[in-house]
Amino acid sequence: MSTATFSEAATTTSSSKQTLGALVANEFAKMRHLKVLVLPLIMLIGVTGLTLFRALASGAFSADAQGDSFPWKLMLASMSFAITMIYPILLSVMASRLVEVEHRGKGWLLSAGSGTTPGQLCRAKFLALGSLVIAATVLQSAWIAGVGLLAGVTAFPTGLWLSYTVSVSLINLVVLAAHVLISAVIENQLVCLGIGVGGLFLAVFGSAFPAWISHLTPWGYYALAQPADYVGADLVYFDMPVLSIIALTVIGAGAFLAITSRFDHQEP
């Protein structure tokens with residue numbers, strides 16, 4: 001948003017204020033109009049499809065592979081790769097589409113007229129989008145695990161599977177929050193999408209960088225949170241960097257709340 005429009009929206013008030021629930025419901029209505037709801041479906045189908053295709057192509061469900069943990073290792077590695085390839089871009093598109101409408105239609109000022117500050121609007125957008133992202137992440141994890149179990153694969157790594165699902169869900173939320181803020185501050189959404197492409201690069205190639213570099217941006221955590229991958233010729237499990245992801249979540253949540261609170265009180 002432009003500085004002038006943002007300042008006006010932050011300082012325009014009304015006696016009529018909407019509840020957070022009403023604001024989130026309004027965002028879902030906007031998403032239906034903007035066709036944003038199809039994007040979480042693409043996430044769900046894309047990650048599930050890519051993961052299972054790679055597993056089938058590699059013979060993970062064959063009789064010879066059922067006796068060890070190879071199928072689960074392959075599915076975890078494939079799911080991690082698919083999420084890394086799909087989520088950074090689609091998260092940026094989701095945030096950009098939902099925020100762009102405020103820039104184009106003077107939505108910041110119109111919302112301020114009903115007592116809704118820009119910060120409240122950003123928080124409502126995050127909650128609405130975040131609920132869809134979490135649903136897609138959890139469902140794809142459950143579907144992939146369910147296919148493996150129905151195929152008769154034994155030795156299901158329950159702890160690691162749940163740990164990865166929770167970890168990547170938190171990473172997705174932090175990246176989404178970052179994109180909501182970026183799209184709110186920068187009116188040119190092509191710049192915001194370009195940042196998403198840069199985030200994809202950091203996510204995909206992060207494992208080639210020193211770990212401390214991956215810790216510097218939310219997108220780098222996709223590389224840090226790999227649950228399984230090849231080491232030489234062997235496919236092995238990795239431990240989740242739980243403490244790092246908790247720190248990312250706390251810092252990300254604190255930064256998002258602090259910045260959106262500043263949006264609420266920005267001086268003209």
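The values are calculated or read from the model by the stated rules, or taken from the named source; none is laboratory data. This one's a predicted model, so the numbers in the text were calculated from it and none came from an experiment. Methodologically, a virtual Cβ is constructed for each residue, glycine included, from the backbone with ideal geometry; neighbour enumeration extends over all protein chains shown.
What to note about this one:
- Residue in segment 148-164 that is closer than 20 Å to LEU41 by Cα and not in a loop (DSSP other than H, G, I, E, B) present: no
- Residue match in segment 92-99 (condition: within 30 Å of VAL231 (Cα to Cα) and in contact with a helix residue (DSSP H, G or I) (Cβ under 6 Å, 6 or more places away or on another chain)): no
- Tally of residues being part of a loop (DSSP other than H, G, I, E, B) and of a type outside the set (Val, Ile, Thr) across segment 211-268: 14
- Filter pass, GLN140 being in contact with a helix residue (DSSP H, G or I) (Cβ under 8 Å, 6 or more places away or on another chain) and either farther than 24 Å from PHE70 by Cβ or basic (Lys, Arg) (or both): no
- Entry remark, segment 20-65: residues being over 23 Å from PRO88 (Cβ atoms), β-branched (Val, Ile, Thr) and assigned to a loop (DSSP other than H, G, I, E, B) number 0 in total.
- Residue match in segment 106-119 (condition: assigned to a helix (DSSP H, G or I) and within 22 Å of the chain's Cα centre (by Cα)): yes
- Restricting segment 187-201 to residues that are out of contact with any Leu (no Cβ under 8 Å at 6 or more places or on another chain), touching a residue at least 60 places away in the same chain (Cβ under 8 Å) and in a helix (DSSP H, G or I), the residue that is nearest to VAL99 (Cα to Cα): GLN189
- Where a residue in segment 239-268 is β-branched (Val, Ile, Thr) and its partner, wherever it lies, is surrounded by 12 or more Cβ atoms within 10 Å (Cβ to Cβ), with Cβ under 6 Å and at least six apart: ILE245/SER167; ILE245/LEU170; THR249/LEU170; ILE259/LEU181; THR260/GLY119; THR260/CYS122; THR260/ARG123
- Residue check for ALA142: loosely packed, with under 15 Cβ neighbours inside 10 Å, aliphatic (A, V, I, L, M), assigned to a helix (DSSP H, G or I) and modelled with pLDDT of 95 or more: yes
- Residues of segment 53-78 that are at pLDDT below 90, in contact with a helix residue (DSSP H, G or I) (Cβ under 9 Å, 6 or more places away or on another chain), hydrophobic (A, V, I, L, M, F, W, C) and over 17 Å from ASP229 (Cβ atoms): PHE61, ALA65.
- Scanning segment 230-257 for residues that are over 17 Å from the mean Cα position of the chain (by Cα) and of a type in the set (Val, Ile, Thr) yields VAL231, VAL236, VAL242.
- Against the test of being over 24 Å from ALA135 (Cα atoms), without any contact (Cβ under 8 Å) to a residue 60 or more places away in the chain, surrounded by 20 or more Cβ atoms within 10 Å (Cβ to Cβ) and of a type in the set (S, T, N, Q), the options SER214, SER207 yield a single qualifying residue, SER214.
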